[in-house]
Amino acid sequence: MKLSILPLFRRQTAITLALSVTGLALFSKIPAAAAESDGKAETIARVLKWKDGKKACVMLGFDDSAPSQLTNVVPELDRRKIVGNFYLVTGNGVWTNTKAKWEAAAKSPYVSVANHTFTHKGVENAEQLEPELAKCNEVLYALHPERQQPYLLGWGRPGGVPWKVTKEEQEAALAKHHLVDRPPFAGPPINYHSAAETVGAVDRALAKGDMVQLVMHGVGGDWLVTPVDWFTALLDKLEATREEVWVADVVSWHQYVTERQSAEIKVLRADKDSIRLELTCKVDPALYDLPLTISTKVPVDWKNCVVTQGANKTTVAVRDGAVIYSAIPGRGEIAIQPATSAGQK
Ligand SMILES: [Zn+2]
């Protein structure tokens, strides 16, 4: 019965090697993360490096709750449907004066709020770090009473102030408060000195197929100012490369990479009627529930597929012998069937 698949697949050169050895190869555990880059023939299902199969990831960060972000950044991100990460300081005078506006801004799906400590005054020891994280989180949680806790929030260490905690103390405190430390970044006007250099960050992400994070402070005002025309050029670039670049919030980036790195795909069944997979990963499903993007090779005569996981059912066109779809680790078997046999057009 396992052999029945072979004639179907053999016409597809990319996986001939794997399947002609033994049908059992179909049932072996596939280390999805390792398979992502090596393109080995035995891989019929793999997690793509970036969400939706995009070529690169870009993250935009905006620090310090600078008021110019409310006037010059939030409306533009909304208009263009591009997400930004706002590293808010929620215990100083700037915040008090603009709190109501941030409460309104946080309702936008393109405003991802993150923790930049309560006072931005730095810490002399681990005891001081605790309330800096907790009190900022409290304000961020209040911006989204609809969200079920615990959930992950982004975190950016404040710069230019004393920071006297060890790496271990910081990691423990971040884990306790479900905070995701943002990765290294650069940004205008400190690292990038023109609109062209700022836009170039997106090209570098694409050239490497990697993640690049740009962090800004004031935009068109306030401090460490990014000129509005540089910012506009950056957003124009992100709109022009929308098909290739995943513009992410920091939590989704972290979830995607973390889930992908520990993901395993087991092929439970693969024959002429259906492919059934199990996707798992080794992290807490309560905090890591972002769908991963999976590519799965299918028999050559399948033109459209119905992909089902739990209550989610989508019809996907076959491209280059494979289907690409989203699935959440640990949420039950993934079934892929040719659309015709499932009664679809
Ligand atoms: Zn800061």
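The values are calculated or read from the model by the stated rules, or taken from the named source; none is laboratory data. None of these values were measured; they are calculated from a predicted model. Reconstructed Cβ throughout: ideal geometry from the backbone, glycine too, with neighbour counts over all protein chains shown. Surface areas here come from the heavy atoms of the whole protein model, side chains and all, with no ligands, DNA or RNA. Shrake-Rupley method; radii C 1.70, N 1.55, O 1.52, S 1.80 Å.
Dipole size in debye (nearest 20) for segment 156-294 around its Cα centre, Lys and Arg Cβ +1, Asp and Glu Cβ -1? So the dipole magnitude of segment 156-294 works out to roughly 340 debye.
With the convex hull of the Cα atoms taken as the outline of segment 149-290, the averaged projected area works out to 12.5 nm².
Taking the Cα centre of the chain as origin and charging only Cβ (+1 Lys, Arg; -1 Asp, Glu), how large is the dipole, in debye to the nearest 20? Result for the chain is approximately 1420 debye, rounded to the nearest 20.
The listed peptides 188-195, 273-280, ordered by packing as a protection proxy, come out as 273-280, 188-195 (highest mean of other Cβ atoms within 10 Å first). Can you run the Rg to Rh ratio on segment 265-345? Use alpha carbon positions and the Kirkwood inverse-distance Rh. A ratio of 0.97.
How big is D, in µm² s⁻¹, for segment 56-242 by Stokes-Einstein at 25 °C and 0.890 mPa s if Rh is the Kirkwood radius over C-alpha pairs? After rounding, the answer is 145 µm²/s. Just to confirm a number: summing +1 for Lys and Arg and -1 for Asp and Glu over residues other than A322 whose beta-carbon lies under 11 angstrom from that of A322, what do you get? Net charge in that neighbourhood comes out at +2. In the context of the full set of protein chains, the chain has a per residue accessible area of 46 Å² (1.4 Å probe). Ordered from largest to smallest accessible area (heavy atoms of protein chains, 1.4 Å probe), the residues H178, H116, H217 come out as H178, H217, H116.
Ordered from longest to shortest, the equivalent ellipsoid semi-axes for the chain are 43, 22, 18 Å, each the square root of 5 times a Cα gyration tensor eigenvalue.
To put it simply, the accessible area of segment 56-242 at a 1.4 Å probe is 55 percent carbon and sulfur.
Cross-link check: pairs K54/K313; K49/K237; K101/K237; K51/K237; K107/K164; K135/K208 evaluated at a Cα-Cα cut-off of 31 Å; pairs beyond the cut-off: K107/K164; K135/K208.
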